[in-house]
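Written out below as structure tokens is the structure these notes cover.
The values are calculated or read from the model by the stated rules, or taken from the named source; none is laboratory data. For clarity, every value in this text was computed on a predicted model and none was experimentally measured. Heads up, the Cβs are rebuilt from the backbone with ideal geometry, glycines too, and the neighbour counts pull from every protein chain shown. Protein only, heavy atoms only, side chains kept; ligands, DNA and RNA dropped before computing areas. Shrake-Rupley method; radii C 1.70, N 1.55, O 1.52, S 1.80 Å.
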Amino acid sequence: MSLPVLSRDEITAEWLTDMLRQKGHDVQIAAIQAKAIGTGQVGATYRIALDFESNPGNFPPTIVAKLPSNDELSRTTGKSHLTYLRESRFYQTFAGKKPMAVPDHLYIAFDEDSHAFTLIMHDLPGHVQGNQLGEPSQEEALLAVDAAASIHAAWWGDPTLDTLDWPNGTKAVPPQLDSDVLFGMFWPAFCDRYGDRVDANMLTVGEAFLGKLNSNYDTRQSPRCLTHNDFRPDNMLFNVADPVKPIVIVDWQTTGVGIGVGDIAYYSGTAFDAAHRREIEPQLLARYKAQLLERGVPDGDLKHIDDDYCRSAVAGFLMGVTAAMVVERTDRGDDMFLAMARRSAAMVLDHGERALPQ
């Protein structure tokens, strides 16, 4: 029997008490208080403070709930682009099954018709969200690479991935709208909207990839694995003092199956301004390879990884352009999407022929 999907108002002290008791937690919650957190463009996330009637033992005083966006356009995008479905399926299918740097969840429910969902997770109050408009420290960047390796290695080359009918990029999922069509629709609108904020590098890369994104991705050759596909600082929570979870990767709305190093290229291209990226890029790629080998990935599987990294450099640019046009518009959102596109365009041009379409 499917679990019920709840709205924010339906997550009550009584319901949480019953749900947590079914999970084996001996608690009695008298009242709750919810406060919106994060800056998600598609989902609405709340920290819920729990007022216990009696001593809850080791159960923490806060939990986190994630629900569909309160914005109608973002909700429509979440349904039409299957982002709510993918995040829900990720927690139902993958989270907690193997060691990965992902949140520990308590409850996940999804409605097949409306695509409404309810995700309840353990809180990480000591963790701090990354900032897409800044730049990560070296320590944060290395943690991000380690987290990616934990996810990719856990499902490296797993043939069952291609039997799933919901992640991006599997053989069982016919494309709703291929990348060339999607980019061809949104690139002119993006340029019209942002005008002179679209710099020369962005214009060069945008024009170079019109009609050529699919063929560019087809050149990648490494074994496939589970991928995040929006692997950037805003979707990372850090606490370097936490020995168990110094980093947690959130927002699994773009879960897919593809080339793992694509997540690293996406991160490098969207997280750093050009000068900083050029300095740290070789170290990040070397760290990623070493982490994969340490986690049991065969050395022979890495022979194409450098080329695949370059071929994936455009991914952050593509996301910056397309996502800007399909979610609720905010000042921070504009700055964020432009930064992603600007940084990734510089990365593509830095890698030249290896990153540009053939």
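Which lysines have a Cα lying under 19 Å from the Cα of Lys79, excluding residues fewer than 8 positions away in the same chain?
Lys66
How tilted is helix 179-194 with respect to the longest principal axis of the chain? Cα atoms for both, answer in degrees (0 to 90, nearest 10).
Relative to the chain, helix 179-194 is tipped by roughly 90 degrees.
Provide the packing ranking of 254-261, 154-161, 49-56, i.e. peptides ordered by the mean count of other C-beta atoms within 10 Å per residue, highest first.
Result, highest mean first: 254-261, 154-161, 49-56.
Stretched out fully, how many nm does the piece from Asp196 to Ala286 gain, at 0.36 nm a residue minus the Cα gap?
The Asp196-Ala286 span can extend by a further 28.7 nm.
Work through the residues other than Lys171 whose Cβ is under 12 Å from its Cβ and net out their charges, Lys, Arg +1 and Asp, Glu -1.
So the surrounding residues net to -1.
What is the Rg over Rh value, at two decimals, for the chain, using alpha-carbon atoms and the Kirkwood definition of Rh?
Across the chain, the Cα-based Rg/Rh ratio is 0.97.
How much net charge surrounds Ala144 when only other residues with a Cβ under 11 Å from its Cβ are counted (Lys, Arg +1; Asp, Glu -1)?
Its environment carries a net charge of -2.
So what does the Cα-only Debye profile of segment 68-218 read at q = 0.17, 0.18, 0.20 Å⁻¹, as log10 I(q)/I(0), no solvent term?
Reported log10 I(q)/I(0), two decimals: -1.44, -1.46, -1.40.
What value, in deg cm²/dmol to 500, does the helix sum -39500 (n - 2.57) over DSSP H runs of n ≥ 4 give at 222 nm once divided by the residues of the chain?
For the chain, the value works out to -13000 deg cm²/dmol.
Nearest 5 is fine: what % of DSSP beta bridges in the chain come out antiparallel, could you say?
If we restrict to bridges inside the chain, about 95 percent are antiparallel.
Can you give the angle from 0 to 90° between the axis of helix 315-324 and the longest principal axis of the chain, with both taken from C-alpha atoms, to the nearest 10?
Approximately 60 degrees, to the nearest ten.
Treating the angle as unsigned and between 0 and 90°, give the value, to the nearest 10°, between the Cα long axis of helix 138-154 and the longest Cα principal axis of the chain.
Compared with the principal axis, the helix lies near 80 degrees.
With a probe of 1.4 Å, find how much accessible area the chain has per residue, and write the answer as a whole number in Å².
Here the residues of the chain average 44 Å² of exposed surface.
In what order, largest first, do Ser114, Ser69 sit by accessible area if the probe radius is 1.4 Å?
I get Ser114, Ser69, largest accessible area first.
Take each of the peptides 336-344, 212-220, average the number of other beta-carbon atoms within 10 Å over its residues, and list them starting from the highest.
Packing proxy ranking, top to bottom: 336-344, 212-220.
Under 14 Å from the Cβ of Glu281, count the other residues' Cβ atoms, weight Lys and Arg +1, Asp and Glu -1, and hand me the total.
Around Glu281, the surrounding residues sum to +1.
Relative to the Cα centre, what is the charge dipole magnitude of segment 248-325, using +1 at the beta carbon of each Lys and Arg, -1 at the beta carbon of each Asp and Glu, and rounding to the nearest 20 debye?
40 debye
Take the alpha-carbon centre of segment 118-152, take the same for segment 334-358, and report the distance between them in whole Å.
22 Å
Rolling a 1.4 angstrom probe over the protein chains, ignoring ligands and nucleic acids, what is the accessible area of Lys23 in square angstrom, nearest 10?
110 Å²
Between Arg278 and Ser215, what is the spin-label point distance in nm, taking each point 7 Å from the Cα along the Cα→C-beta axis?
Simple spin-label model gives 3.0 nm for this pair.
Residue by residue through segment 212-226, which ³J(HN,Hα) values in whole Hz follow from phi under the Karplus form 6.51 cos²θ - 1.76 cosθ + 1.60 (θ = phi - 60°), with glycine and proline marked x?
10, 5, 4, 5, 5, 5, 5, 7, 6, 10, 5, x, 8, 7, 5
Quantify how much of the Cα-Cα distance distribution of segment 125-200 extends past 18 Å, in percent.
Counting every Cα pair in segment 125-200, those more than 18 Å apart make up 69 percent.
Pop out the Kirkwood hydrodynamic radius of segment 260-315 from its pairwise C-alpha distances, inverse of mean 1/r, in Å to one decimal.
About 11.6 Å for segment 260-315.
Show me, bin by bin at 5 Å from 0, the whole-percent P(r) of segment 62-108 based on Cα pairs.
Pair shares across the bins are 5, 19, 25, 20, 18, 11, 3, 0.
Ordered by packing density, taken as the mean number of other Cβ atoms within 10 Å over each peptide's residues, highest first, how do 181-193, 345-357, 293-305 rank?
Result, highest mean first: 345-357, 181-193, 293-305.
I'd like the distance separating the alpha-carbon centroids of segment 217-285 and segment 158-214, in whole Å.
Between the Cα centre of segment 217-285 and that of segment 158-214, the gap is 18 Å.
Out of the total accessible area of the chain (probe 1.4 Å, heavy atoms of protein only), what percent is carbon and sulfur?
Roughly 50 percent, rounded to a whole number.
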